[in-house]
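Worksheet for the structure shown next.
None of the figures in this text is laboratory data; all of them are computed from the coordinates on show. The structure displayed is predicted, hence computed values, not measured ones. All Cβ positions, glycine included, derive from the backbone under ideal geometry; neighbour counts span all protein chains shown.
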Amino acid sequence: VAQCLLEALVYAHGKGIVHRDIKPANLIREKAGTVKVTDFGIAKIKEGGGTSGQTVLTKSGFLLGTPHYMSPEQIREPKDAGAKSDIYSSGVVLYEMLTGSLPFNSRSLPKLIDAIYRGEKQPPSAHRPEVKKELEAIVLKSMHPRMDQRFETAREFFEALEEYTAREWTGWLHDVR
């Protein structure tokens with residue numbers, strides 16, 4: 001699921017589109033197992049596709065998105081949310097898939113926002129000890145509160161997961177033999 005999501009983001013970001021509301025409710029899994037990203041209602045689109053140009057926003061001036069999945073920069077200034085905000089949100093989705101819980105879960109919006117700004121979350125292995133440290137590191141990097149500490153692109157995030165999966169698969173085959 002995470003890899004399909006990231007493939008979709010690689011494509012969208014290549015076309016100059018930032019989703020800005022990545023969450024499980026906006027992902028549809030088809031019978032064949034592929035995942036489709038839906039609801040581009042608050043997407044940010046650069047005119048001219050992936051080229052430099054004027055930025056067109058669907059809405060601005062207020063909180064856009066689902067707070068539990070939003071990056072710190074998207075909460076601070078929604079109009080500045082870029083591709084790294086989608087990477088962050090994808091990391092939250094992966095965290096939730098691995099643990100069954102959200103990394104930041106407060107009923108108080110101010111407390112939730114403060115926790116997101118600070119990056120105060122338990123590592124996935126605190127919820128599920130079987131989560132391997134290498135996979136945990138990938139998730140935590142994608143959700144780093146500082147943009148410059150996250151994956152540079154959705155492709156880089158995708159490739160990190162692909163490499164991890166390949167190593168796990170190879171290890172499993174070795175163990176079976």
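Numbers at a glance
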{"quantity": "Out-of-range pairs (alpha-carbon distance over 26 Å; input K31/K132; K23/K133; K36/K84; K31/K121)", "calculated": "K31/K132; K31/K121"}
{"quantity": "Anisotropy class of the range 71-177 from Cα gyration tensor, a/c 1.5 cut", "calculated": "oblate"}
{"quantity": "Sites matching GluC sites (Glu not before Pro) across the range 80-177 that sit in DSSP coil, with at most 14 neighbouring C-beta atoms within 10 Å", "calculated": "E120, E130, E152"}
